[in-house]
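Chemist: Mind looking over this structure? Questions follow.
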Amino acid sequence: MLKNYIKIAWRNLIKHKVFSIINVSGLAIGVAAFWLISLYVADEWSYDRYNIKADRVFRVAQHGEWNGGKFNLAVTSAPFGPALKKDYPEVEEFARIDAEGGGKIAYNDKQINEGGIFFTDNGIFNIFSYHFLSGDPVLALSKPQTVVLTKTLAVKLFGDAESAINKTVTINEQPNAVTGVIDDMPANSHFMFAALRSFPSGYTDRWGNSGIYTYLLLKDHNDFKKIEAGSAVFHKKYLTGDLGPMKYRLELQPLTDIHLKSNLDYEIGNNGNITYVYVFGIVALLTLLIAVINYVNLATARSSVRMKEIGVRKVIGSSKKQLMLMFFAESVLLTVIATAVAGVLIQFALPYFNQLSGKTLILTQFGLTPTVIAFALFSLVTGLLSGVYPALFLSGFRTISAIKGRVGNQSSTIIFRKSLVVFQFIVTIVMIAGSCIIYQQLSFVMSKDLGFNKAQVLTFHIHDKSARTKIAAIKTQLLQNSAVESVGVAGNPIGNNNIGGGDFNLGPDGKINPESKIVENLVIDEDFIPTLQIKMAKGRNFSPSMVTDQKESIIVNQTLVNEMGWKDAVGKSVRTGVDDKGNVISQTIIGVVKDFNTYSLQHRVAPMVLQMPAVANDEDNLYVRIGKSNIPATLSYISKIYGRFDIENKVEFHFLDQNFAKQYQSEQKQGSILFIFTILAICIACLGLFGLVTFTAEQRVKEIGIRKVLGASVTSIVGLLSKDLMKLVLVATIIASPLAWYAMSKWLQNFAYRIDIQWWVFTIAGAGAIAIAFVTVSVQSIKAATANPAKSLKSE
Amino acid sequence: MLQGMFQEGQMIKITNLEKFYRTEEVETIALNKLSMEVGTGEFVAIMGPSGCGKSTLLNILGMLDDPDDGSYVFNDIEVAHFNERKRADLRKHNIGFVFQSFNLIDELTVFENVELPLIYTGVPAAERVKRVEEVLDKMQIMHRRNHYPQQLSGGQQQRVAIARAVVNKPKLILADEPTGNLDSTNGNDVMELLTDLNEQGTTIIMVTHSEHDARYSHRIIRLLDGQAVVENIMV
């Protein structure tokens, strides 16, 4: 019986080639897109789940809020882990990570600069599942000055992983015994390291000095609630001294949530974003749905062709169930073929997709057998889903009507079919509008005036501490080249979204106020403002001739002045901190700069204080404005000069405009992925339209013939065939516009500086869809309209 | 009441059968309290002008349609109010159909078309091959077994259709103008085939416009406005 079904299904596919090709290609594209996104989503979801105890592992995060400020930190300080273990019997194990353990690691004459070395506690091996190639996980890091290498680093240092054990390497000149070698970390981990080294013995630090990641292994998953509930007590017991009174909350983040759901300050690595996973998932599902709809639409539209066959089968003795099975066999066969084609498409598309998503996915990401099973199940389910309506609809014909061809296209089916087409185009138009708006917003952020001139400015970090004391000499030598226009210094490179804040006690009247305010704090020299071409609103820039500037003066930005409600800020004295002896430090505002963005445009300009460097060590980022001509020569000149002051390190250039552009990478990624899916969705939806109009033209061949004999023009016939479908696209535009507006308003909220959505975007999206649909439909309509009527009438 | 002449057994007995067709404004009576009997082994022709109810009667007899009122007893079973599934079940084991337009499935070969009823009644594959070959042989179209319907002449197509109708060895064959689309030579061949089948014991009810064809039957029932008006017994 099954053989019979498949046979018929196959012959039907072969006989109606156009429809088969439309269906197979549409479904294949849909399936391929869906599968790629599934790989992506599954990979995102798999983060950290390889850890056997994952469900009991948590990271400790801190949230604080007070009048004038707040923090949301992924980091804690060193005493957190031991204190939590002591206070809560539910804590089975803790491990702290200090990510700043990297530097020069050397063995004999082999020396490697490796940033990815973490200080940690031995408990880490009890919490995370790392596979030891040699060494003892129970004791590996239990002593100070020990290190566990990953295989890759061991091979780099020793040539092979086996001989590393028990050797002594130096890390930043300090000897460390290699007590273990582990396999490289799986890529789906929220942090990555090249080696782990033990903390110095008795390592601890001030409570308020947050810079350590604390991971806990609890005895039971639900124990985290108890620890979170004890936040206030914990704060009172340990933190009031360092942090002062505030609304304080400990958060225990489940390990498996960190990658997708955590977005705190000072994350240990680049996390994913659950929203993207949802959005991409929905987009993929919709693309697949559009392809499935094509099948349903074409199958039901063509029902009149199948009617006689259905009638005959019923007369001969087929039950409704058997007929349904036959139609299911057809749809499943089609999806099996489409899935196979999709497999090939995926293989071709993966390199590009990996480039786009920044992953290294392969088709058989989850093993060959599971992939084959998943493909088989997937094609079966998609086949059944796309076949269910046609099967119910076609097998439900009344026998006599069917055999006499009297079923016709019932109005309910026609409405159903039209609704599906409208749905397809709603999705397509929302995607077109979405792509347009993302493109507009990204062009906007790239070209918006940031309050300074970001073109032709590069920054680099001065690695060597002694070089930082010779800034004046470096500047002088750089400026000897006429291609170097000006050189400034600051404590941070701007545009990387990582400038720290500081507590400043700023009262509305400029008097000392006990309530501090967190403001952005950037250390600059007198050349920074001219180099970046930042404009002064009031007052003056720092001046080397004013000896008081270095310690007693600050410059603030316009936002700070506005927030404080000052009429005239220049001359006001503010408390900016406390010195070692506990004396209040007050400084005087000498100037106000017009606002400039130091963060990318997702962020609003924050109140900001600019200070002169207190010590030479703060002067570690050079800003150089260079001329437009012969940039490579200028860069090599700068490298040469830098080399005179820092022999060991190489200079790493960052252009300011690129620094900022980098912050929009994830939005650009979203834009590109949405754009690709938009194109795919348009293609699939148009394939469906093409199929429908091909079929309509076939059905109305006689009518078209008669109309032409009676004098109808080609235009009027094209209009006749296209009109109905075009109306549907128009309806879709009307429904899609508010949906797209809503979705894109949400997306734009990621940006503090954003475009207003223009009504004409929807007009363009709709008009675009209508134009593309019209071209699709016209191809067949014109063919039908220009056919010789004598021929079509004779054939009837 | 019209009674069959071969009274070895009664196959069909319908009593006061009524069937209406309704549109929004008009109600048409297709069968008006029609009663008749057909005996096992009979060959009955049904004649009458267009719209007299011939096809409706044939559809109800073939259990493709149900009557609005009245009784239909088939082999001592009252089937008038059977649901579709039960009717389909009874039909596939007992009744074969032959149509004016052959109604072969274009996507299937001659062999596969004839095999189809056996598949639906769950006959095992080996047995199917045997029976299909047997019946194709009998219809003298064995040499065309792997051809598709479009590759055959009208006469050949109708032979395939008859082969398909009889392959399940039905007790009753319902033929709806079986020679309507054929020339006279092919038409006569088909009538000979039906006569042979009847002589081997199959009951045949045939709707026809052709007096010539009707003469092959034992009895002609003439319908007018949904009622049986005349009965001719052939000698």
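Chemist: Return the tail of the calculated pair distribution for region A:245-355, meaning the percent of Cα-Cα pairs more than 24 Å apart. Each step should come with its number before you reach the end.
Modeler: Working: 3516 of 6105 pairs.
Result for the distance tail: 58 percent.
Chemist: Another one. Sequence gap of 8 or more, or different chains, plus Cα separation below 18 Å: how many lysine pairs satisfy both in chain B?
Modeler: Number of lysine pairs found: 13.
Chemist: If you take every residue apart from A:F224 with its C-beta less than 15 Å away from the C-beta of A:F224, what net charge results, scoring Lys and Arg +1 and Asp and Glu -1? Mind dumping the intermediate values first?
Modeler: Details: positive: A:K53, A:R56, A:R59, A:K85, A:K219, A:K225, A:K226, A:R249, A:K261; negative: A:D55, A:D87, A:E90, A:E92, A:E93, A:D220, A:D223, A:E228, A:E251, A:D257.
Neighbour charge sum, excluding A:F224 itself: -1.
Chemist: Shifting gears a bit: Please compute the modelled spin-label separation between A:K551 and A:Q145, points set 7 Å along Cα→Cβ, answer in nm with one decimal.
Modeler: Placing both labels 7 Å beyond Cα along the Cβ direction yields 4.1 nm.
Chemist: A:I282 to A:S716: extension gain in nm, 0.36 nm per residue of separation minus the Cα-Cα distance?
Modeler: Working: separation 434, 0.36 × 434 = 156.24 nm, distance 4.03 nm.
Result for the pair: 152.2 nm of gain on full extension.
Chemist: Per DSSP H run of n ≥ 4, the term is -39500 (n - 2.57); total these for the protein assembly as shown, divide by its residue number, and report the mean residue ellipticity at 222 nm rounded to 500 deg cm²/dmol. Before the final figure, lay out each step's value.
Modeler: Working: 33 runs with 472 residues, N = 1031.
Helix-only estimate at 222 nm: -15000 deg cm²/dmol.
Chemist: Can I ask one more? Using a 7 Å offset from the Cα along the Cα-to-Cβ direction at both A:K723 and B:E231, what is the distance between the two label points in nm, to one decimal?
Modeler: 5.8 nm
Chemist: Once you average over the residues of A:113-122, how many Cβ atoms of partner chains fall within 10 Å of each Cβ?
Modeler: Values: counts 0, 0, 0, 0, 0, 0, 0, 0, 0, 0.
Across A:113-122, the average partner-chain Cβ count within 10 Å equals 0.
Chemist: Quantify how strongly other chains surround peptide B:98-110 by giving the mean number of their Cβ atoms within 10 Å of each of its Cβ atoms. Working shown, then result.
Modeler: Numbers: counts 0, 4, 0, 3, 1, 8, 3, 8, 4, 10, 6, 2, 0.
Mean partner shielding for this stretch: 4.
Chemist: By how many nm would the segment from A:Y266 to A:T240 lengthen if fully extended, with 0.36 nm per residue of separation less the alpha-carbon distance? All intermediate terms of the calculation are to be shown ahead of the outcome.
Modeler: On the way: separation 26, 0.36 × 26 = 9.36 nm, distance 2.21 nm.
That works out to 7.2 nm of additional length.
Chemist: Placing +1 on the Cβ of each Lys and Arg and -1 on the Cβ of each Asp and Glu in chain B, which of B:V207, B:S55, B:Q140 has its Cα farthest towards the positive end of the resulting dipole?
Modeler: The residue sitting most towards the positive pole is B:Q140.
Chemist: Which residues of region B:62-78 show a drop of at least 20 Å² in accessible area when all protein chains are present, compared with their chain alone (probe radius 1.4 Å, heavy atoms only, ligands and nucleic acids excluded)?
Modeler: B:L64, B:D65
Chemist: Further question: Highest mean first, what order results for A:123-129, B:78-84, A:137-143, A:766-772 on Cβ atoms within 10 Å? Don't skip to the end; give the middle numbers.
Modeler: Numbers: A:123-129: 20.4, B:78-84: 14.4, A:137-143: 16.3, A:766-772: 18.3.
Taking the mean over residues of other Cβ atoms within 10 Å, the ranking is A:123-129, A:766-772, A:137-143, B:78-84.
Chemist: Can I ask one more? Please state the charge dipole magnitude for region A:40-116, taken about the Cα centre, from unit charges on C-beta atoms (+1 on K and R, -1 on D and E), reported in debye and rounded to the nearest 20. Present the calculation step by step, with values, prior to reporting the outcome.
Modeler: Details: 10 positive and 13 negative charges, 33 e Å.
Charge dipole, region A:40-116, about its Cα centre: 160 debye, nearest 20.
Chemist: Can you tell me which aspartates and glutamates have their Cα less than 12 Å from the Cα of A:K219? Leave out same-chain residues fewer than eight positions away.
Modeler: Those aspartates and glutamates meeting the cut-off are A:D55, A:E90, A:E92, A:E93.
Chemist: Hey, rough spin-label estimate for A:R398 and A:A752, points 7 angstrom out along Cα→Cβ, what's it come to in nanometres?
Modeler: Result for the modelled spin labels: 7.1 nm.
Chemist: Would you mind checking region A:258-278 for residues with the amide N under 20 Å from a putative spin-label position 7 Å along Cα→C-beta of A:S129?
Modeler: A:258-260
Chemist: Okay, next question. For region B:100-111, in order, what is each residue's ³J(HN,Hα) by Karplus, 6.51 cos²θ - 1.76 cosθ + 1.60 with θ = phi - 60°, in whole Hz (x at glycine and Pro)?
Modeler: Once rounded to whole Hz, the list reads 4, 9, 6, 6, 8, 8, 4, 7, 10, 6, 3, 4.
Chemist: Go through region B:209-225 residue by residue and turn each phi into a ³J(HN,Hα) via Karplus (6.51, -1.76, 1.60, θ = phi - 60°); whole Hz please, and just put x for glycine and proline.
Modeler: Using θ = phi - 60°, the values come out as 9, 9, 4, 4, 5, 4, 5, 5, 8, 8, 8, 10, 9, 9, 9, 8, 6 Hz.
Chemist: Additional query: Charges on Cβ only, +1 for Lys and Arg, -1 for Asp and Glu, centred on the Cα centroid of the protein assembly as shown; of A:T360, A:I52, A:Q62, which one is farthest towards the dipole's positive end?
Modeler: Highest projection toward the positive end goes to A:T360.
Chemist: Within chain A, which whole H helices from DSSP have a Cα span along their axis of at least 24 Å and a mean Kyte-Doolittle hydropathy of 1.6 or more, if any?
Modeler: For chain A, where a helix must reach 24 Å along its axis and average at least 1.6, the hits are A:274-301, A:368-395.
Chemist: Using only atoms on other chains, find how many Cβ atoms lie within 10 Å of each Cβ of peptide A:4-11 and report the average. Write down the numbers at each step before the final one.
Modeler: Working: counts 6, 1, 0, 4, 5, 1, 1, 7.
Partner Cβ neighbours, averaged per residue: 3.
Chemist: Also, I was wondering about something else. Among A:A329, A:A194, B:G226, flag the residue with its Cα farthest along the positive direction of the charge dipole of the protein assembly as shown, charges on Cβ as +1 for Lys/Arg and -1 for Asp/Glu.
Modeler: Of the listed residues, the answer is B:G226.
Chemist: Follow-up. Computed FRET efficiency, Cβ-Cβ of A:L730 and A:S201, R0 56 Å: what is it to the nearest 0.05? All intermediate terms of the calculation are to be shown ahead of the outcome.
Modeler: Details: r = 76 Å, r/R0 = 1.35.
Result of the calculation: an efficiency of 0.15.
Chemist: How big is the charge dipole of region B:132-235 about its Cα centre, in debye rounded to the nearest 20, if each Lys and Arg gets +1 on its Cβ and each Asp and Glu gets -1 on its Cβ? Show your work: numbers first, answer last.
Modeler: Numbers: 10 positive and 14 negative charges, 60 e Å.
Roughly 280 debye, rounded to the nearest 20.
Chemist: Peptides A:58-65, A:474-481, A:683-690, A:153-160: what's the order by average Cβ count within 10 Å, highest mean first?
Modeler: Numbers: A:58-65: 21.0, A:474-481: 16.5, A:683-690: 24.6, A:153-160: 18.9.
Order by mean packing, descending: A:683-690, A:58-65, A:153-160, A:474-481.
Chemist: A further question follows. How long is the gain from A:N649 to A:S636 if the chain were fully straight, where each residue apart is worth 0.36 nm and the alpha carbon distance is subtracted? Write down the numbers at each step before the final one.
Modeler: Numbers: separation 13, 0.36 × 13 = 4.68 nm, distance 1.46 nm.
Difference between extended and current length: 3.2 nm.
Chemist: Please list, ordered by chain and number, the residues whose modelled amide H lies under 5 Å from the amide H of A:I182; skip anything fewer than 5 residues away on the same chain.
Modeler: Under 5 Å from the amide H of A:I182 lie the amide H atoms of A:L133, A:L149, A:T150, A:K151, each far enough along the sequence or on another chain.
Chemist: Further question on the same structure: First compute the accessible area of region B:77-235 with a 1.4 Å probe, then give the percent of it belonging to carbon and sulfur atoms. Before the final figure, lay out the partial values.
Modeler: Values: 3200 of 6770 Å².
Here carbon and sulfur together make up 47 percent of the probe-accessible area.
Chemist: A:K662: which lysines have alpha carbons under 23 Å from its alpha carbon, excluding same-chain residues fewer than 8 sequence positions away?
Modeler: In chain and number order, the partners are A:K261, A:K359, A:K448, A:K454, A:K628, A:K650, A:K746.
Chemist: Taking 56 Å as R0, compute the FRET efficiency from the Cβ-Cβ separation of B:R215 and A:L377 and round it to 0.05.
Modeler: Details: r = 63 Å, r/R0 = 1.12.
Given R0 = 56 Å and the Cβ-Cβ separation, E is 0.35.
Chemist: Right, here's the next one. Place a point 7 Å from Cα of A:Q480 in the direction of its Cβ. Which residues in region A:591-622 have their backbone N less than 19 Å from it?
Modeler: none
Chemist: In Å², what does the accessible area per residue of the protein assembly as shown work out to with a 1.4 Å probe?
Modeler: Values: 45850 Å² over 1031 residues.
Per-residue value: 44 Å².
Chemist: Using a 1.4 Å probe and counting only protein heavy atoms, how much accessible surface gets buried when A and B come together, both sides summed, in Å² to the nearest 100? If you can, show how the numbers build up before the last one.
Modeler: On the way: alone 36910 and 11180 Å², together 45850 Å².
What A and B bury together is about 2200 Å².
Chemist: Here's a follow-up. Taking 40 Å² as the minimum loss, tell me which residues in region A:298-317 lose that much accessible area going from the chain by itself to the full protein complex (1.4 Å probe).
Modeler: Output list: A:K308, A:V312, A:R313, A:V315, A:I316, A:G317.
Chemist: Let me ask another. Charges only on Cβ, +1 for Lys and Arg, -1 for Asp and Glu: so what's the dipole of region A:706-756 about the Cα centre, in debye to the nearest 20? Can you show the working numbers first?
Modeler: Working: 6 positive and 2 negative charges, 37 e Å.
So the dipole magnitude of region A:706-756 works out to roughly 180 debye.
Chemist: Just the number, please: carbon plus sulfur as a percent of the accessible area of chain A, 1.4 Å probe, no ligands or DNA/RNA counted.
Modeler: Values: 21150 of 35760 Å².
The nonpolar share, carbon plus sulfur, comes to 59 percent.
Chemist: Give the average over all directions of the projected area of the C-alpha convex hull of region A:1-122, one decimal, in nm².
Modeler: Numbers: hull surface 79.3 nm².
Dividing the Cα hull surface by four gives the mean projection, 19.8 nm².
Chemist: I need the peptides B:32-42, A:627-637 ranked by packing, meaning the mean over residues of other C-beta atoms within 10 angstrom, with the highest value on top. Let's see the in-between values first.
Modeler: Values: B:32-42: 19.5, A:627-637: 12.8.
Ranked from most to least packed, the peptides come out as B:32-42, A:627-637.
The values are calculated or read from the model by the stated rules, or taken from the named source; none is laboratory data. Since this is a predicted model, take the numbers as computed values, not measurements. Quick reminder, even Gly has a Cβ in these numbers, built from the backbone with ideal geometry, and neighbours come from all protein chains shown. Ligands, DNA and RNA are excluded from the accessible area calculation, which covers all protein heavy atoms including side chains. Shrake-Rupley method; radii C 1.70, N 1.55, O 1.52, S 1.80 Å.
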